[in-house]
Amino acid sequence: MSNQNGQPTSGKILYIGSYGAAEDATVHVCAFDGSTGELAVIQRVSGLENASYLTLHPDGKRLYAASETEATGDAGGGSVAVFEIDGVTGMLSGPSSRALTHGAHPCYISTDKTGKVLLAANYTGGNVALLPITAEGQLTGAAAVEQHAGELGPNAARQDAPHAHCIVPLGDSPYVCAVDLGIDAIVIYRFDEEKHSLTPHGISKMHRGAGPRHVIFHPGLPVGYVMNELDSTVTVLKVDAEKGVLTAGQAISALPASYSGYNDAADIHLDTSGRYLYSSNRGHNSIAVFAVDQATGELTLIQSVDCGGDSPRNFAVSPDGGHLLVAHQKTGNIVVFTIDSESGLLEKTASSLELPSPVCIKFAK
């Protein structure tokens, strides 16, 4: 790898999305040296308003960036832009194409394992969209848009309508899971790869007022984990991937018992071994560390560490499992932690990077 001055870099490439105007640099390409913890910007990309969520094509050759806006030009709803990734430097060119998500404020995007479709969750629109991906990795118009509906949660200020906040495939199954903060539920769709269709299949309800935000699935156990934004809990799901059924089980707080102040929970990830789970707290401004029971998947809170900034909206675990990087929206900084491979515990390093309103971190493949 090399930087934009042609000098070689060591370590990994990662991409950071930020809130900002179209004329601002809202996508940054960074080099991360795992041996030193050093993080440096090697490219700044402008032209995309509010690049709030990023995902990579499974082949690692393209980066997709959601533009979290109410409208795109004269069209209603946000959009997703496609950037080409240089296979040697990791730097970006483009966008090479752009497609509407058909809903206001898309805040989460993912692809299926084959890289044939992109899935988008539109927060204010309260709906989800499926956008086919061509053989060249480009986006075409949406093939399916599904509007959420259902009983609203009790938090009148935040659960005033359906609010789709995350959409991901359910492992290798033919199902897709869309997390909705407004209706305290995960809406499950059956996905037809050939027809590019989403068919409503079922609903998994969380406890009232949870405000579910993100869901992840364990790589080796039939369990999933939901980060509930509004009451700062993590719900453990029993997963029947064959039937497309998710059943809520344990709900555990991501906050210390002694804390009673304001908090909005945000992101959630497993470590590379599947033995530890991490979540971020905005307000308490911390990362919670949980031990994962390897038989049941249930959680035990083992650490709550100051994250080094204000409003840790998103974070990422390095591909080698040695580091955790946290993006702080309000203080505009990325903070680097080491992960103890045996205990899963975090330790803050001296390494940090200042960027305006960072809200998403994705490591290159």
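The values are calculated or read from the model by the stated rules, or taken from the named source; none is laboratory data. Predicted model only: the values in this text are computed from it and were never measured. Virtual Cβ from ideal backbone geometry, glycine too; neighbours counted across all protein chains shown.
Which numbered condition in (1) touching a residue at least 40 places away in the same chain (Cβ under 8 Å); (2) more than 29 Å from Thr114 (Cβ to Cβ); (3) among the small types (Gly, Ala, Ser) is the only one that Ala257 fails?
Condition (1) is where Ala257 drops out.
Just one of (1) modelled with pLDDT of 95 or more; (2) out of contact with any strand residue (DSSP E or B) (no Cβ under 8 Å at 6 or more places or on another chain) trips up Asn263, so point out which.
Just one mismatch for Asn263, condition (2).
What's the number of the only condition in (1) outside any strand (DSSP E or B); (2) in contact (Cβ under 8 Å) with a residue 60 or more places away in the chain; (3) touching a strand residue (DSSP E or B) at 6+ places or on another chain (Cβ under 8 Å) that Glu242 fails to meet?
Of everything listed in (1) outside any strand (DSSP E or B); (2) in contact (Cβ under 8 Å) with a residue 60 or more places away in the chain; (3) touching a strand residue (DSSP E or B) at 6+ places or on another chain (Cβ under 8 Å), Glu242 misses just condition (3).
Hand me the list of strands (runs of 3 or more DSSP E) wholly inside the stretch 254-353 holding 3 or more residues that are closer than 30 Å to Ala25 by Cα. Write out each step before concluding.
Working: elements: 264-270, 276-282, 286-292, 299-306, 312-317, 323-328, 333-339.
Per the criteria, 264-270, 276-282, 312-317, 323-328, 333-339.
Starting from the stretch 151-178, take each residue that is farther than 18 Å from Pro222 by Cα and in a loop (DSSP other than H, G, I, E, B) and list its partners that are basic (Lys, Arg) and at pLDDT 95 or above, counting only C-beta distances under 7 angstrom and pairs at least six apart or across chains.
Partner pairs satisfying both residue conditions: Gly153/Arg208; Pro154/Arg208.
Does Ser67 satisfy the condition of being among the hydroxyl-bearing types (Ser, Thr, Tyr), surrounded by 16 or more Cβ atoms within 10 Å (Cβ to Cβ), within 17 Å of the chain's Cα centre (by Cα) and at negative phi?
On the way: among the hydroxyl-bearing types (Ser, Thr, Tyr): yes; surrounded by 16 or more Cβ atoms within 10 Å (Cβ to Cβ): yes; within 17 Å of the chain's Cα centre (by Cα): yes; at negative phi: yes.
Spelling it out, Ser67 is indeed among the hydroxyl-bearing types (Ser, Thr, Tyr), surrounded by 16 or more Cβ atoms within 10 Å (Cβ to Cβ), within 17 Å of the chain's Cα centre (by Cα) and at negative phi.
Residues that are part of a loop (DSSP other than H, G, I, E, B), buried (at least 17 other Cβ atoms within 10 Å of the Cβ) and among the hydrophobic types (A, V, I, L, M, F, W, C): does the stretch 85-104 have at least one?
Checked the stretch 85-104: at least one residue is part of a loop (DSSP other than H, G, I, E, B), buried (at least 17 other Cβ atoms within 10 Å of the Cβ) and among the hydrophobic types (A, V, I, L, M, F, W, C).
Taking the stretch 38-55, which residues are touching a residue at least 60 places away in the same chain (Cβ under 8 Å), of a type outside the set (Val, Ile, Thr) and surrounded by 19 or more Cβ atoms within 10 Å (Cβ to Cβ)? Lay out the reasoning, then the answer.
Of the residues in the stretch 38-55, the ones touching a residue at least 60 places away in the same chain (Cβ under 8 Å) are 38-41, 51-55.
Filter again for of a type outside the set (Val, Ile, Thr), leaving 38-40, 51-54.
Result: Leu39, Ala51, Ser52, Tyr53, Leu54.
Could you grab the pairs with beta carbons closer than 6 Å, sequence gap of 6+ or different chains, first residue in the stretch 300-322 and over 19 Å from Met227 (Cβ atoms), second one part of a loop (DSSP other than H, G, I, E, B) and β-branched (Val, Ile, Thr)?
From the stretch 300-322, the pairs are Gly321/Thr272.
What's the number of the only condition in (1) surrounded by fewer than 18 Cβ atoms within 10 Å (Cβ to Cβ); (2) in contact (Cβ under 8 Å) with a residue 60 or more places away in the chain; (3) closer than 28 Å to Ser173 by Cα that Val117 fails to meet?
(1)
Restricting the search to the stretch 8-24, which residues are part of a strand (DSSP E or B) and touching a residue at least 24 places away in the same chain (Cβ under 8 Å)?
Step one: list which residues in the stretch 8-24 are part of a strand (DSSP E or B), which gives 8, 12-18.
Correct list: Lys12, Ile13, Leu14, Tyr15, Ile16, Gly17, Ser18.
Kindly indicate whether Pro132 is surrounded by fewer than 19 Cβ atoms within 10 Å (Cβ to Cβ) and either within 15 Å of Cys166 (Cα to Cα) or in contact with a strand residue (DSSP E or B) (Cβ under 8 Å, 6 or more places away or on another chain) (or both).
Considered against the rule, which asks whether it is surrounded by fewer than 19 Cβ atoms within 10 Å (Cβ to Cβ) and either within 15 Å of Cys166 (Cα to Cα) or in contact with a strand residue (DSSP E or B) (Cβ under 8 Å, 6 or more places away or on another chain) (or both), Pro132 comes out as yes.
Looking only at the stretch 335-360, filter to residues that are out of contact with any Lys or Arg (no Cβ under 9 Å at 6 or more places or on another chain) and within 18 Å of Ser279 (Cβ to Cβ); which one of those is surrounded by the fewest Cβ atoms within 10 Å (Cβ to Cβ)?
Once the filter is applied, the top-ranked residue is Glu347.
Conditions: (1) touching a Ser or Thr at 6+ places or on another chain (Cβ under 9 Å); (2) of a type outside the set (Phe, Trp, Tyr); (3) surrounded by 20 or more Cβ atoms within 10 Å (Cβ to Cβ). Gln159 meets all but one. Number of the miss?
(1)
Mind listing just one residue for me: the one in the stretch 190-215 that is in contact (Cβ under 8 Å) with a residue 60 or more places away in the chain and in contact with a Leu (Cβ under 8 Å, 6 or more places away or on another chain) and, of those, nearest to Asp240 (Cα to Cα)?
At the first step, the residues of the stretch 190-215 found to be in contact (Cβ under 8 Å) with a residue 60 or more places away in the chain are 191, 193, 196-198, 214.
Add one more test, that the residue is in contact with a Leu (Cβ under 8 Å, 6 or more places away or on another chain), and what stays is 191, 196-198.
Details: Phe191: 16, His196: 23, Ser197: 21, Leu198: 19 Å.
Taking the candidates together, the pick is Phe191.
Would you pick out the residues in the stretch 199-226 that are more than 15 Å from the chain's Cα centre (by Cα), among the charged types (D, E, K, R) and part of a strand (DSSP E or B)?
Answer for the stretch 199-226, where residues must be more than 15 Å from the chain's Cα centre (by Cα), among the charged types (D, E, K, R) and part of a strand (DSSP E or B): just Lys205.
Select, from Gly115, Gly137, the only residue that is in a loop (DSSP other than H, G, I, E, B), of a type in the set (Gly, Ala, Ser) and touching a Pro at 6+ places or on another chain (Cβ under 8 Å).
When all the criteria are applied, what remains is Gly115.
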